[in-house]
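Encoded as structure tokens, the structure appears first; notes follow it.
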Amino acid sequence: MSNIEFVKKLVFRIAKIGAQRKDMDSPLLVDIEPFRHFFDSKGNLKYNELDVIDGAWTRREILARYLLLSVVLDQGPDIPGVRHLLKNVTNALYRKEIRIFHRPLDFFRELNVSIDEILDKHNSIKKLRAKIWAKLNNSNPSKYNLFFAQSPRGIVSISQVLDYGIHRWGVPLCVLLLLEKDIGDRESTQPFVEYLERFKSSEIMSKQLKNHERYGLGSAIGDKACHLFVKWYVHTFNLSTREDEGWSKWSFEVPFDSNAGRVLFRTGFFTSLASLEDYENWEVIQRDRGKGKTHYIRVTNIRGKKVQVEIDDGDIIHNYKEVILNHLKIRKRVPTKFEIQQIPNAILLNSKYGVGDFDDGLIYVGTRFCFNHDKPDCKNCPLSDLCLGKNEDPELIKNYRT
Ligand code: SF4
């Protein structure tokens with residue numbers, strides 16, 4: 001089997017696994033008290049009521065707002081803890097009529113209450129999660145802390161609740177507030193949704209989420225989180241009203257996080273498309289910088305890197321052109337070289353699977369089997385028959401960490 005045939009087989013397998021596990025790792029919106037009536041008795045979102053007005057805005061708008069704050073916070077060190085924190089603080093604030101997704105200004109107007117609730121809920125989550133987190137991460141429970149900031153080295157823990165509260169909670173809430181203010185005399189019941197959907201493609205929207213001069217979140221959000229937001233908005237919660245190709249299930253790039261990167265590295269996806277030396281030159285692999293004398297894989301550095309082997313598969317060449325011009329819409333001309341993170345889009349195009357399914361599959365394997373140490377659960381892993389690390393090159397597992 002050629003490298004490309006192998007990559008195709010692997011991508012389809014992962015997408016199939018993801019399609020069977022959809023939503024397993026997404027925020028549980030049904031647990032948010034002010035949104036409960038958006039769901040039926042079985043916990044399914046009532047899609048035919050997404051345009052019903054709730055307060056001043058549509059339900060679609062309110063859910064999209066929650067996902068925005070959620071995705072910004074999702075960069076923290078313990079995702080289950082982060083999700084509890086947002087859920088518990090939201091519920092506590094709404095019980096006090098501080099309706100931060102309906103009226104973002106409430107968060108700042110009642111800043112003392114907002115900050116108290118963040119501190120209080122953080123303390124109770126720490127009691128619940130610190131020991132579990134410490135065991136999983138080989139750390140000390142006293143180090144459990146969900147407050148974080150961005151540094152040149154990546155995400156770092158901080159102690160100051162105002163830094164965390166204003167930068168991480170405040171910036172996305174200000175985006176929503178500014179959009180409300182900018183409505184002016186126009187009539188709108190979903191200014192955030194209208195803003196998101198005015199871009200030619202969901203991929204462009206993801207870039208503007210960070211970079212837009214007026215509404216961009218800037219350093220409050222990373223590339224991965226922008227792509228995760230699009231995945232939730234288009235694929236997981238299906239909130240988009242756009243039906244054109246720019247908003248299809250192949251119209252955004254996969255949010256490459258450390259779980260995804262580890263699975264793609266160990267299975268041989270990355271090494272089928274470029275050599276270990278290429279990855280070292282790109283600083284995707286950073287020698288001796290991983291835990292316990294291993295090499296560190298900095299997955300975010302893969303973005304924009306080009307495939308280094310020849311692709312002579314007619315379907316992929318044709319699909320790649322389609323993806324670039326009609327779905328991602330990020331270029332007017334097709335580049336001469338393929339970008340690695342866009343290969344899943346080209347492989348899955350026009351199949352029954354989207355890149356969201358592919359990402360769901362990566363998260364499932366990465367969090368349940370392919371642990372970030374030298375003894376992943378290969379025996380039970382649904383990729384074990386295909387995986388290069390398991391079957392041919394154990395160094396890919398032993399010597400690298402994300
Ligand atoms: S077979 Fe093992 S190394 Fe390969 S993806 Fe599964 S858990 Fe990871």
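The values are calculated or read from the model by the stated rules, or taken from the named source; none is laboratory data. Bear in mind the structure is a predicted one, so any value in this text is a computation, not a measurement. Methodologically, a virtual Cβ is constructed for each residue, glycine included, from the backbone with ideal geometry; neighbour enumeration extends over all protein chains shown. Keep in mind that these areas ignore ligands, DNA and RNA; they rest on the heavy atoms of the full protein, side chains included. Shrake-Rupley method; radii C 1.70, N 1.55, O 1.52, S 1.80 Å.
Laid out as a table, the results:
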quantity: Rounded if a/c under 1.5, otherwise prolate or oblate - region 114-178, Cα gyration tensor axes; calculated: oblate
quantity: Pairs beyond 23 Å (Cα-Cα), from Lys96/Lys231; Lys87/Lys126; Lys135/Lys375; Lys46/Lys249; calculated: Lys96/Lys231
quantity: Relative packing of 195-208, 260-273, 108-121, which averages over residues the other C-beta atoms within 10 Å, highest first; calculated: 260-273, 195-208, 108-121
quantity: Accessible area (Å², 1.4 Å probe, nearest 10) - His167; calculated: 50 Å²
quantity: Cα gyration tensor, region 27-198 - rounded (a/c under 1.5), prolate or oblate; calculated: prolate
quantity: Candidate aspartates and glutamates for bridging to Lys16, where Cα separation is under 18 Å - those fewer than 8 sequence places away on the same chain excluded; calculated: Glu5, Asp25, Glu253, Asp357, Asp359, Asp360, Asp385
quantity: Cα gyration tensor category, rounded, prolate or oblate, for region 167-245 with a/c compared to 1.5; calculated: oblate
quantity: Long-range HN-HN contacts of Phe148 with modeled amide H, under 5 Å; calculated: Ile158
quantity: Relative contact order [Cα under 8 Å, 6+ residues apart], the chain, whole percent; calculated: 21 percent
quantity: MRE, 222 nm, helices only [DSSP H, n ≥ 4, -39500 (n - 2.57), over the chain, to nearest 500]; calculated: -13000 deg cm²/dmol
quantity: Theoretical FRET efficiency, 1/(1+(r/R0)^6), r = Cβ-Cβ of Asp393 and Gln160, R0 51 Å, to 0.05; calculated: 0.70
quantity: With eigenvalues of the C-alpha gyration tensor scaled by 5 and rooted, the chain, Å; calculated: 35, 26, 19
quantity: Cα-based Lys proximity count in region 309-362, under 17 Å, for pairs eight or more positions apart or on separate chains; calculated: 4
quantity: Other-chain or far-sequence residues with amide H under 5 Å of Tyr400's (modelled H); calculated: His295
quantity: Relative packing of peptides 391-401, 228-238 - highest average C-beta neighbours within 10 Å first; calculated: 228-238, 391-401
